[in-house]
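The values are calculated or read from the model by the stated rules, or taken from the named source; none is laboratory data. Being a predicted model, the structure only gives us computed values, none of them experimental. Because the Cβ atoms are built from the backbone with ideal geometry, glycine has one as well, and the counts that use them run over all protein chains shown. These area figures cover heavy atoms from the full protein model, side chains too; ligands, DNA and RNA do not enter into them. Shrake-Rupley method; radii C 1.70, N 1.55, O 1.52, S 1.80 Å.
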Amino acid sequence: MKVLVTGGAGYIGSTVCSALEDAGHTPVVLDSLVTGPEAFTRGRVFYRGDVADEGLVRRIFAEHPEIAATLHFAALIVVPESVAHPARYYRENVVASLTLFETLQALGQTRVVFSSSASIYASPADFRVTEASPLQPLSPYARSKRMTEEMLEDLCGAPGSGLRGIALRYFNPLGADPRLRTGPYLAEPSHILGRLVAASQGRQAAFEITGTDYATRDGTGLRDYIHVWDLALAHVAALDGFDAAFARAAATGPDPRGYLPINVGTGRGVTVRELVTAFGEVSPTPLSVRDGPRRPGDSAGAYADITRARELLDWAPRHTTAEALASALAWEAVRAERLKQATARAER
Ligand SMILES: NC(=O)c1ccc[n+]([C@@H]2O[C@H](COP(=O)([O-])OP(=O)(O)OC[C@H]3O[C@@H](n4cnc5c(N)ncnc54)[C@H](O)[C@@H]3O)[C@@H](O)[C@H]2O)c1
């Protein structure tokens, strides 16, 4: 199947492209390269441009009329930046997505898989969230994801709408493609794994655990860390099983009215202290750790109930946290070379 992949030069989109190719599908990448590296588009059909450029999207479909579905990853994703520049986040994530969805609808497209986020959920007392759990997005970034879901839900539910959408709510992706084709591309990523790697390589004096007084089993924040390759395979499952997922949902519950939100995590919560211990076990260099205060805006966290992904998509995670951490370290060792090699090939 040919698939439009917006944001296909990014960390997750490019990894999903590899999983699609491994499964026999053909990605057609649309990316503005506002953050993703061009290197990750090498060897793939690639259009450089914005998802809000209706003329370009129409041209892509004219040149690839066999495209049967769209995976929509393109977005800005940095939470503190979204607090500083909310208008930019609403324009790039919400308004641009609306234009894309409208164009897809006008073109008669019927299948969209949207990258949503666990950051839209409230942190419940038992930390476990189903797709029906209360929502409480805490930042403009998280609210942009929630708003885009709401828009997609309304567009899909409108009378006569041919569009159907699956919103995959990602928990906390970690690691790289096991074959090291792609992975996190920034040298100094701000997320937890980037800070762990920096501390283990001596680029930071110590890894600081931010918050040790949460109501979790050891006081540190709890997250559901999913290997990015398992996340990639969830997209392949959502694509291959798109129509079946709607049929199953309708057969077992209320009519989904063209829209299905589905959690994608491991179904298991891991505390920051547990993650630090697991990282210490795979890291070749020792890690020094210190306890620090909570960061403003952080929550105690949540983990995914993944019953729906299992039942509707026949998908289940296959990798452990240790495997995700090991793949991240393996990727870190080749990252600069992989980005350079791809650039050198592009210049020939
Ligand atoms: N990384 C995470 O932890 C995480 C967690 C939950 C959800 N998500 C979602 O997954 C998706 C991918 O995230 P990622 O980590 O791969 O981020 P990323 O920044 O690596 O990838 C995003 C890609 O989208 C492109 N892009 C941005 N705006 C665009 C536009 N208007 N038109 C065309 N291309 C555009 C960027 O150049 C980049 O290549 C995002 O929608 C994000 O919100 C990510």
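Within region 179-205, the set of residues being of a type in the set (A, V, I, L, M, F, W, C), part of a loop (DSSP other than H, G, I, E, B) and surrounded by 12 or more Cβ atoms within 10 Å (Cβ to Cβ) comprises L180, L186, A187. Counting only strands (runs of 3 or more DSSP E) that fall entirely inside region 1-89 and contain at least 1 residues that are near the ligand (Cβ under 9 Å from one of its atoms) and open to solvent by 40 Å² or more (accessible area, probe 1.4 Å), the qualifying elements are 45-48.
One residue stands out among those in region 103-121 that are touching a residue at least 24 places away in the same chain (Cβ under 8 Å) and part of a helix (DSSP H, G or I): the one that is nearest to S190 (Cα to Cα), which is S119. Screening P159 on (1) more than 21 Å from the chain's Cα centre (by Cα); (2) open to solvent by less than 50 Å² (accessible area, probe 1.4 Å); (3) under 27 Å from R308 (Cβ atoms) shows it passes everything except condition (2).
Of everything in region 108-123, what is farther than 22 Å from A238 by Cα and surrounded by 15 or more Cβ atoms within 10 Å (Cβ to Cβ)? Give them in sequence order.
Keep residues of region 108-123 that are farther than 22 Å from A238 by Cα, which gives 122-123.
Matches in region 108-123: S123 only.
Residues of region 141-178 being in a loop (DSSP other than H, G, I, E, B) and within 11 Å of the ligand (Cβ to nearest atom), which ones? Spell out the reasoning first.
Initial filter on region 141-178 (in a loop (DSSP other than H, G, I, E, B)): 158-163, 171, 175-178.
F171 - this is the single residue of region 141-178 that is in a loop (DSSP other than H, G, I, E, B) and within 11 Å of the ligand (Cβ to nearest atom).
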